[in-house]
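Below is one structure, written out as structure tokens; comments come after it.
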Amino acid sequence: MATVDTVTTTGVASSAANTTNAQAQLSEDFSQFLTLLTTQLQNQDPLSPMDSTEFTNQLVQFSQVEQQINSNAKLDNLVALQLSSISTVALGYVGMDISYVSSDMNFDGTNPVEINFALGSEAVTSKINIYDEEGELVYSKDAPKNVGTNSYTWNGTDSNGNALPAGTYTVKIDALDKAGTAIDNSTVVSGHVKGIETQNGVVYVLVGDRAVPLASIVNATTPEQTAAETDTTTDATT
């Protein structure tokens, strides 16, 4: 069974806390209002009773505020239920290898990273360029030129075959057609999910130190399935 390394939540808990604080403040204000009203009624001049219109208006305002706070509390509960459901789905990815749409990828220092990219047309020249966290080009090699989906496996080395440290790297495909025009492309990278995280009501899975939204995930396999796959293009430097 997969171990969840990280589960964090923010945003929703803060919203619920704000609603609770608002309810407590309203209760305190209403108690003070009733105390003031009772005191004034006890000390009013029987021959010249005070006008109740103002107090009636204030009671109406308190009622309206209370209804709004209760509505917010119900919305918070609905959001929490939805988040719980989505988080359950996200937990299912923990311990799995996923492919997700991104130009940024996490390298754990050991396992090769599978990179898939789609070309809108046939390329005459195609290069895969990988940059480190400082934006320095560390790897550049020829890449597949076929129209449609192409695969490439990067084993975590620089262009000279030297091992690179673990971290976040950015991949860019530079492909040109026969007219010398840049070809539009998108990249899908892979990584191992170690936990989940929520930020402001959005659920992410954690791949290394990267938070990946669920909507970006295009494929998920167990590590055993990943190891058995042999239909990718392997970097010649391995």
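Taking the stretch 163-181 and a reference point 7 angstrom along Cα→Cβ of residue 136, the backbone N atoms nearer than 16 Å belong to 163-170.
Report the GluC sites (Glu not before Pro) located in the stretch 114-202 that are in a DSSP loop and have at most 15 other Cβ atoms inside 10 Å of their Cβ, or state none.
122, 133, 134, 136
For the stretch 88-183, the list of trypsin sites (Lys or Arg not before Pro) that fall in a loop by DSSP and count at most 10 other C-beta atoms within 10 angstrom reads 178.
Full extension of the segment from residue 158 to residue 108, taken as 0.36 nm per residue of separation minus the current Cα-Cα distance, would add 16.5 nm. Mean sequence separation of contacting Cα pairs (under 8 Å, at least six apart), scaled by the length of the stretch 97-228, corresponds to a relative contact order of 36 percent. All other residues whose Cβ lies under 10 angstrom from that of residue 123 are scored, Lys and Arg at +1 and Asp and Glu at -1, for a net of 0. Note on the stretch 97-228: along the principal axes its Cα atoms extend 45, 33, 32 Å, ordered by decreasing extent.
Amide H contacts for residue 186 (H built 1.01 Å from N in the peptide plane; partners 5 or more residues away or on another chain; cut-off under 5 Å): 118.
For the stretch 97-228, the residue among 123, 138, 98 whose Cα projects farthest onto the positive side of the dipole built from Cβ charges is 123.
Here, each number is a calculation from the coordinates, and none is a lab measurement. Predicted model, so just to flag it, every value in this text is computed and none were measured. Cβ coordinates were reconstructed from backbone atoms using ideal geometry, including for glycine residues, and neighbour counts include every protein chain displayed.
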